[in-house]
């Protein structure tokens with residue numbers, strides 16, 4: 001393995017953080033296969049806004065953005081046959097990303113110990129709100145509670161308020177990608193497998209800057225008066241463009257940040273471009289896959305199933 005293009009990633013996650021993590025891999029050349037539930041598909045497919053304003057599993061803005069350059073297969077890993085196919089898929093994989101509650105992968109016989117027995121140099125990335133251990137392991141969380149639990153909401157003014165979108169999930173996904181890429185390199189060069197435990201709360205807390213160290217070392221809260229709540233007059237800062245202004249930014253245009261991408265259902269749309277640029281690794285502008293678009297390619301072309309076998313699995317709800 002010499003570049004991200006040599007990596008094979010399986011994405012079992014169901015939220016923004018996992019999808020953002022694997023988006024980095026896919027956009028920089030790795031082969032990422034999203035494993036989606038048959039019929040319903042990835043939950044992000046149901047999040048709007050939607051192209052043309054009509055709800056459709058192929059045109060949700062989150063899915064179109066976070067699914068770029070990935071391949072999609074449908075597979076019910078809760079079934080015996082589905083788990084058998086998943087084990088075959090992971091024989092070529094380097095990284096697996098999942099966001100199930102702690103213990104769920106073990107209940108399927110797919111915990112780190114079992115996966116390591118199939119592929120010794122595997123990297124398993126587990127993304128949860130509060131980690132695999134501790135008093136809140138297994139607790140669910142929303143974007144709002146993840147933003148609050150890591151301390152970031154306390155810095156947003158009085159009364160505290162939370163921004164829109166998914167700041168906790170995006171920060172968590174970025175940390176997950178950095179950890180997974182590092183672990184994949186170590187697994188290849190040092191033959192050391194890794195189980196990476198990603199806690200959204202800890203990712204948010206790690207981004208508190210001077211606030212957390214000041215309290216830890218000096219018992220001093222330096223967050224007083226920081227931020228601006230909804231009833232506070234925001235401070236004017238030079239060059240703070242609105243979202244619409246960013247789309248017209250001369251600096252971003254000259255650097256070619258925004259890219260036009262065609263999609264067979266959503267049509268031609270403008271997408272955000274690379275968050276960073278590497279001299280030897282090219283960022284790719286590609287589209288999100290259709291639900292199960294690569295079933296034949298992966299199950300028949302790569303795993304060697306016949307089309308009759310695939311049809312039987314599809315009729316049984318496995319694919």
Check your understanding: Any idea how many residues of the stretch 284-316 are touching a strand residue (DSSP E or B) at 6+ places or on another chain (Cβ under 9 Å), in a loop (DSSP other than H, G, I, E, B) and at pLDDT 95 or above?
Key -> 9
Study note, to complete from the structure: By residue number, the members of the stretch 162-184 that are closer than 28 Å to residue 61 by Cβ, in a helix (DSSP H, G or I) and without any contact (Cβ under 8 Å) to a residue 12 or more places away in the chain are 178
Exercise for review: Read through the list (1) over 30 Å from residue 312 (Cβ atoms); (2) without any contact (Cβ under 8 Å) to a residue 24 or more places away in the chain, then give the number of the only condition that residue 40 fails.
Suggested key: (1)
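So which helices (runs of 4 or more DSSP H) stay within the stretch 185-251 end to end and still have 1 or more residues that are surrounded by 15 or more Cβ atoms within 10 Å (Cβ to Cβ) and either modelled with pLDDT of 90 or more or in contact with a helix residue (DSSP H, G or I) (Cβ under 8 Å, 6 or more places away or on another chain) (or both)? Steps first, answer last, please.
Details: elements: 200-205, 211-218, 243-247.
Result: 200-205, 211-218.
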**Study point:** Which listed residue, of 73, 32, is within 14 Å of the chain's Cα centre (by Cα) and either within 21 Å of residue 121 (Cα to Cα) or part of a strand (DSSP E or B) (or both)
**Key:** 32
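Suppose we filter the stretch 80-107 for residues that are in a loop (DSSP other than H, G, I, E, B) and surrounded by fewer than 16 Cβ atoms within 10 Å (Cβ to Cβ); how many remain? Talk me through it step by step, then tell me what you get.
The first filter runs over the stretch 80-107 and keeps only residues in a loop (DSSP other than H, G, I, E, B), leaving 90-94, 99-103.
After this cut, where a residue has to be surrounded by fewer than 16 Cβ atoms within 10 Å (Cβ to Cβ) as well, the list is 91-92, 101, 103.
Going through the stretch 80-107 one residue at a time, the tally reaches 4.
The values are calculated or read from the model by the stated rules, or taken from the named source; none is laboratory data. What you see is a predicted model, and the numbers here were worked out from it, not measured in a lab. Here the Cβ is made from the backbone with ideal geometry for all residues, glycine too, and neighbour counts use every protein chain on show.
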